[in-house]
Amino acid sequence: MKTEENYSLLAHNTFGIEARCRLFAEYETPDELAAFLRQESDPSLLAPRSLPLAPCPLPLTHSPVLHIGGGSNLLLLGDYDGLVLHSAIRSIEELPAEDDGTVMLRVGAGVVWDDLVTYTLEHGWYGLENLSLIPGEVGASAVQNIGAYGAEAKDFIVAVECMNLQTQERRVFTNADCQYAYRQSLFKTPEERGRWAVLYVTYRLSRTFTPRLDYGGIRAELERQGISPDGLTALQLRNAIVAIRRAKLPDPKVEGNAGSFFMNPVVPREVYEALALRYPDMPHYDVGLHEVKIPAGWLIEQCGWKGRSLGPAGVHARQALVLVNRGGATGQDIVNLCDAICRDVREQFGIQLCPEANFVGGKG
Ligand code: EPU
């Protein structure tokens with residue numbers, strides 16, 4: 001178990017923001033986590049507190065315990081006066097399969113997501129290829145329901161094993177228990193947020209490769225690479241997804257960012273139809289019969305923000321959904337830019353954008 005007081009979180013947030021936490025603890029097994037939580041003598045670090053979950057667009061976390069993964073979805077607004085936990089459970093275990101065509105994997109929450117994708121493809125286990133190169137760790141895949149190019153983590157999750165941070169009770173949530181929706185899960189609800197540490201996630205993958213190509217320019221990228229969709233391998237598809245992501249999304253090692261900063265808004269169909277009269281070229285995706293998802297990147301670009309900056313915070317020039325740290329930005333600089341963008345999108349389209357990134361407040 002690694003513990004350190006007054007610990008810098010710079011290496012733990014892809015925005016590249018310098019902030020410290022009161023105590024940092026990294027555990028390698030569930031028993032280690034349970035023992036640490038039981039013996040923690042400073043009650044102010046673990047005492048249950050209400051989470052004043054500010055409504056969109058400021059999802060602030062004020063819990064005294066903050067469980068982080070790869071820090072790729074985190075906006076630190078200042079030093080964190082509490083305990084930051086990180087999982088180093090990094091096992092990948094094959095469980096008995098349900099049938100000959102599938103494989104079941106129980107994966108530690110601390111496994112880097114893209115390492116899991118690579119590992120599965122090397123073994124001939126398919127499904128995760130469209131989720132290639134998403135930053136972050138396995139635990140967060142189950143909390144955020146990460147998604148890209150027509151696939152979401154929830155399509156593959158069978159069960160999520162968790163520990164209650166207050167009572168150390170262990171509990172297995174089935175896929176249905178997790179209440180998955182677009183970038184949403186039980187673990188993000190006001191009632192459950194901050195209560196559970198994800199220990200392991202069990203995924204069901206296929207032994208047959210079924211390419212999903214009808215989303216986000218995959219076919220165009222394959223054509224550009226001279227690869228025919230007939231006879232396509234999973235590795236070729238992964239490489240195409242990696243190429244698309246690298247071309248559009250900034251590398252956090254070069255320019256700090258948290259991937260998509262905003263969620264794509266889902267609006268009632270009438271709202272979409274009224275807007276479509278004014279903006280016939282507006283991209284959109286149907287969500288069931290009554291709702292439509294509109295890409296936030298398109299809305300932000302229409303408001304003229306693409307490539308622009310406000311102080312040291314900026315909007316990425318090739319994907320307006322991504323806010324970047326142009327160097328030395330504080331959490332507040334990013335929030336100021338977020339606020340300005342939200343205001344303009346609200347004024348021009350009447351739509352409220354919601355950040356996907358988690359805002360973590362200074363005082364616990
Ligand atoms: N668009 C613009 N301007 C922009 C960006 C996008 O007009 O600056 C338009 C595109 O032309 C396209 C549409 O918006 O018509 C959708 O764009 P894209 O396919 O790039 O996807 P997205 O909706 O912007 C979502 C995810 C990404 C994921 C991609 C690909 C969310 C919040 N974001 O972005 O996820 O990689 O789809 O599947 O759902 C992430 O979560 O960090 C992330 C990058």
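Only the coordinates and a few stated rules stand behind these numbers; no lab work does. All figures in this text were calculated on a predicted structure; none of them were measured in a lab. Please note: Cβ atoms are built from the backbone with ideal geometry, for glycine as well, and neighbour counts cover all protein chains shown.
When ranked by the protection proxy of mean other Cβ atoms within 10 Å per residue, highest first, what sequence do the peptides 31-39, 318-326 form?
Sorting 31-39, 318-326 by mean packing, highest first, produces 318-326, 31-39.
To the nearest 0.05, how large is the calculated FRET efficiency for Glu40 and Thr102 if R₀ is 56 Å and r is the Cβ-Cβ distance?
0.85
Within segment 118-169, report the chymotrypsin sites (Phe, Trp or Tyr not before Pro) that DSSP leaves as loop and that have at most 16 other Cβ atoms within 10 Å.
none
Remind me, relative contact order of segment 77-179 in percent, using alpha carbon pairs under 8 angstrom and six or more residues apart?
Once divided by the residue count of segment 77-179, the mean separation gives 16 percent.
Which trypsin sites (Lys or Arg not before Pro) from segment 229-308 combine a DSSP loop assignment with at most 12 other Cβ atoms within 10 Å?
The qualifying sites are Lys253.
Select from segment 135-232 those GluC sites (Glu not before Pro) which occupy a DSSP coil region and have at most 10 other Cβ atoms within 10 Å, ordered by residue number.
Loop-located and lightly packed - Glu191.
On each of the three principal axes of the Cα atoms of segment 105-158, give max minus min coordinate, whole Å, ordered largest first.
Largest first, segment 105-158 extends 26, 25, 21 Å along its Cα principal axes.
Given segment 179-280 reduced to its alpha-carbon atoms as identical point scatterers, what log10 I(q)/I(0) does the Debye formula return at q = 0.17, 0.18 Å⁻¹?
Each listed q maps to, in turn, -1.18, -1.18.
Hey, can you list the DSSP H helices of the chain whose Cα span along the axis is 15 Å or longer and whose average Kyte-Doolittle score is at least -1.0?
Answer set is 234-248, 331-349.
Classify segment 110-235 from the C-alpha gyration tensor, please: rounded if a/c falls under 1.5, else prolate or oblate depending on whether a/b exceeds b/c.
Since a/c reaches 1.5 and a/b is larger than b/c, the shape of segment 110-235 is classed as prolate.
Give, as a single signed number, the net charge of other residues whose beta carbon lies under 9 Å from the beta carbon of Arg318, with Lys and Arg counted +1 and Asp and Glu -1.
The answer is +2.
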